[in-house]
Amino acid sequence: MPLKAIVFDIYSTLFHNETSYWMDTFRDICRIQGLPIPPEEFWGSWRSIEVRFRQARTSLEHPDKSPPFRTYQSAWIEAFATTFDTLGIRGDPDQAAQMSVEALASREPYEDTFPFLEYVGLRWKKAVLSNADNASIVPLLLRHRLPFDAVLTSEMARAYKPDPRVFHSVLGEMGVLPEEALYVGDTLLDDIHGAKLAGMVAVWLNRNGGDRDPWLLPPDYEVRGLNELMNLLESWKEVGPR
């Protein structure tokens, strides 16, 4: 079946989201709130607490029985409050969460992002499906004037990847079948496993040379950059996706 659409994750796929960016945000939080702790220690403690939210937000076996949806900002307020209590310091969790959400809206694109999106836009429909709040994704796309045929955040869907229902939702907005679409993302669980559950062809954008997880559904293809994916798509013009 011919390829009709390509769906993208955003962070660490089209836009940077390395730890260095987060450290800049945590330095700002420490400076503005006058926190008596090194930003590195603050980040490490918060990260170990925040990951509990990510691990529990979606039921892999029964997505429809997942916990009630919460935005990142809501979950991060709680994570910051717990972090402050754990470290025995006083801080403003609401402000810290707001700063973190807003920082995501100012991430920079990879060098291969804009040329690849232009290439895709001339040939196929393109969409965004991201586990992020509207307050992060919408300003980011507007800032860079990036048009997509469909944009779906976890906040809009009221669910998180790898729930296959969110993949089906964005496909429905574009009017394409799962087998007519390609999903491109950087995480093996949320992106690749979820896309495969939804019946899509999945490309793992493995920019940093990570290892595969044998417990998750494997990607159909693995590339190190979007230029490599462009070459792959060019070859599909003759043989088609497998």
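Please treat every number below as a calculation from the coordinates, not as lab data. Small disclaimer: the values here were computed from a predicted structure and weren't measured. Backbone-built Cβ (ideal geometry, glycine too); neighbour counts: all protein chains shown.
Here is how the numbers come out for the structure above:
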item	result
Angle between the chain longest axis and helix 39-56 axis [Cα atoms, degrees, rounded to 10]	50
Centre separation in Å (Cα based) which lies between the range 18-88 and the range 180-211	25
Residue order, fewest to most surrounding Cβ atoms within 10 angstrom, among ASP211, ASP149	ASP211, ASP149
Degrees between helix 164-174 axis and first principal axis of the chain (Cα, 0 to 90, nearest 10)	60
Cα centre as origin, Lys/Arg/Asp/Glu Cβ charges: the range 19-104 dipole, Debye	140
Loop sites in the range 146-242: chymotrypsin sites (Phe, Trp or Tyr not before Pro), DSSP, at most 11 other Cβ within 10 Å	TRP215
Rounded to 10°, Cα long-axis angle of helix 93-104 versus longest principal axis of the chain	30
Listed residues ILE29, PRO2, ASN227: farthest to the positive end of the dipole of the chain (Cβ charges)	PRO2
Per residue Cα convex hull volume in Å³ - calculated over the range 19-104	94
ASP24-ASP211 FRET efficiency (beta carbon distance; Förster radius 30 Å; 0.05 resolution)	0.60
At 1.002 mPa s and 20 °C, Stokes diffusion of the chain via Kirkwood alpha-carbon radius, µm² per second	114
For the chain, built as a Gaussian network whose Cα springs stay under 10 Å, the top-fluctuating residue of LYS65, LYS161, LYS126	LYS65
Theoretical ellipticity at 222 nm over the chain - DSSP helices of four or more residues, -39500 (n - 2.57) apiece, nearest 500	-14000 deg cm²/dmol
